[in-house]
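The values are calculated or read from the model by the stated rules, or taken from the named source; none is laboratory data. What you see is a predicted model, and the numbers here were worked out from it, not measured in a lab. Positions of Cβ are generated from backbone atoms using ideal geometry, with glycine treated the same way; all protein chains shown enter the neighbour counts. Please note that ligands, DNA and RNA were not included when accessible areas were found on the heavy atoms of the full protein model with its side chains. Shrake-Rupley method; radii C 1.70, N 1.55, O 1.52, S 1.80 Å.
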Amino acid sequence: MTSDQSIWNSLPVPAFIIDQDDRIADVNSSGEGFLNASRKSVIGHPVWDQIAVDAPLEEAFDRARAQGTPLFVNDVDAGSGNRAPLQCALQIAPLVGHPGSMIMIISPRELAGRMTRGNTVKSAAQSAIGMAEMLAHEIKNPLAGITGAAQLLSMNIAPQDLELTDLIVAESRRIVKLLEQVEQFGNLQQPDFKPVNIHDVLDRARRSALLGFGADMAIVEDYDPSLPLAFGDPDQLLQVVLNLLKNASEAAGPQGGTIRLRTYFEHSFRLRRSDGSGHSLPLQIEIIDDGPGLPEKIRSDIFDPFVSGKENGTGLGLALVSKIISDHDGWISVDSVPGRTVFKLSLRRAPAENKKSKEESI
Ligand SMILES: Nc1ncnc2c1ncn2[C@@H]1O[C@H](COP(=O)(O)OP(=O)(O)OP(=O)(O)O)[C@@H](O)[C@H]1O
Ligand SMILES: [Mg+2]
C-alpha cells in the first residue's frame, strides 16, 4: 500500500542518498528544508559542497563505505550555504542493494541554543507545509464531491435529518478554508526588500486591528522616534504584526486588554551566520500584551505549523510569522508569563545609500 516514495518523504528528519562518487542521489522533503533548496537543484551535486559538516568526516565515511558498516557521529555542527549550522547527530549506513551508495540521516539536536531556533523552526515548517500543500491539493476534489452529495441528499430527506447534511456541508467548508490557508502559506514569495518605516507598518496594523478583531483592545504606542528605517517587505511585515496583534487580542478574550507596541534600537544585537560572519539586527519591535500568557502545553512549539491552543485555530499564524522573519534574516523570540507576553522581532537596518536623508538629520 505505502509507496517507498511516500515513506521517504514522510520521514520527519533530513535524509540523503549519497552515490559512490559522493554525489547526492536523492533527498527527502525534510532534507530539502534542511538545505533550504529544492531536490532538483541539489541532485547530482557533491554532497560535501551542499552540506557543511564541522568534523573531519570523509575518511571515516570512506571506511564505512568500504567495510559496509554504519557510522554514527554525534554532536557535530552541520549546515548548508543557505543556513546557519545546527548541532546534529549524523547516522550513515550502506544502502542495501546499492553497493557504494550510502544513506545519511541528519538529526538536528534539541535546539542548540537560542540563535539556531529560527532555522530549526523554518525547516520544520517547510517540510510540514510542503506535505500539507500536497495533501491540500489532493483533498479538495473529493471534498467537493462529498459536499455536492450531501447537498443532493438534503433534497430528499426528512426535515429532522437536515441537520446532519448541513453539518457535512459546514464542516467541509471549514476544511476547505483551512486548505486554502495552507496553500496561501505555500504561495508566500521571497520578500521584496526596501527601506521600511516600521512605525508606518505598526500604525497600519494597529488601525486595522482596532476596526476588526482588536476592537475590544487598547493598543498603545511606545516608539523610539529616532529609529532608522528597517530593510524588509512592508506588506509581509504588516502580515507579521497583524498576526501577533490578532493572537494577543484572541488571548485577551471578549473582556479586552492592553497591547503595547514598543520600538527601540539595540546596536549590539547580532545574528551569527553559517560562514562565521554575522549581521546586525539593531531594530527591535516588541508586541506586549497583558493576557493570560502562552498555554503551558504548547509553549515550546508555538512556531510550528498546526500547533494551536484554540478550538478553531489553524495554528498557521505563528508559523507564517516565523517564516517571514526568517526570510528577512531577522529574529523572533517570545517571553511569556501570565499577565505579560512579549513577542520581540529583531530586524536589519536599511543599507546606507537608502537612508541618506535620515543621516543628514543626525
Ligand atoms: N499573545 C499570546 N498570548 C497567549 N497565547 C498565545 C499568544 N500568541 C499565541 N498564543 C498561543 O499560540 C498558539 C499558536 O498561535 P498561531 O497564531 O500559530 O495559531 P492560532 O492563532 O491558534 O491559529 P491561526 O493564527 O491560524 O488563526 C495560539 O493558539 C495560542 O494558544
Ligand atoms: Mg494566530
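Quick check: at a probe of 1.4 Å, how many percent of the accessible area of the chain sits on carbon and sulfur atoms? Taking all protein chains in place, the chain shows 53 percent carbon and sulfur surface. Across q = 0.09, 0.10, 0.15 Å⁻¹, the chain modelled as identical point scatterers on its alpha-carbon atoms has Debye log10 I(q)/I(0) values of -0.63, -0.76, -1.29, in the order of the q list.
Out of every Cα-Cα pair in the range 245-328, what percent are more than 21 Å apart?
Values: 1570 of 3486 pairs.
Roughly 45 percent, rounded to a whole number.
Accessible surface calculations at 1.4 Å, restricted to protein heavy atoms, place the range 282-330 at 39 Å² per residue. Lysine pair count for the chain (Cα-Cα distance under 13 Å; residues 8 or more apart in sequence or on different chains): 5. Note on residue 161 and residue 175: the extension gain reaches 2.8 nm, defined as 0.36 nm multiplied by sequence separation minus the Cα-Cα distance. Simple spin-label estimate for residue 98 and residue 59 gives 2.8 nm between the two label positions (7 Å along the Cα-to-Cβ direction from each Cα). Only Cα pairs under 8 Å and 6+ residues apart enter the sum, and on that basis the relative contact order of the chain stands at 13 percent. The mean accessible area for residues of the range 138-249, using a 1.4 Å probe and ignoring ligands and nucleic acids, is 57 Å² per residue. A crude spin-label estimate for the pair residue 308 and residue 69, with each label 7 Å from Cα along the Cβ direction, gives 5.1 nm. Under the classification rounded if a/c is under 1.5, otherwise prolate if a/b is larger than b/c and oblate if not, where does the range 129-180 fall, given a ≥ b ≥ c as square roots of the Cα gyration tensor eigenvalues? Prolate, because a/c is 1.5 or more and a/b exceeds b/c. Provide the FRET efficiency to the nearest 0.05 for the residue 269-residue 183 pair, computing r from the beta carbons and using R0 = 41 Å. Here the calculated transfer efficiency is 0.75. If R0 is 56 Å, the Cβ-Cβ spacing of residue 20 and residue 250 corresponds to a FRET efficiency of close to 0.55.
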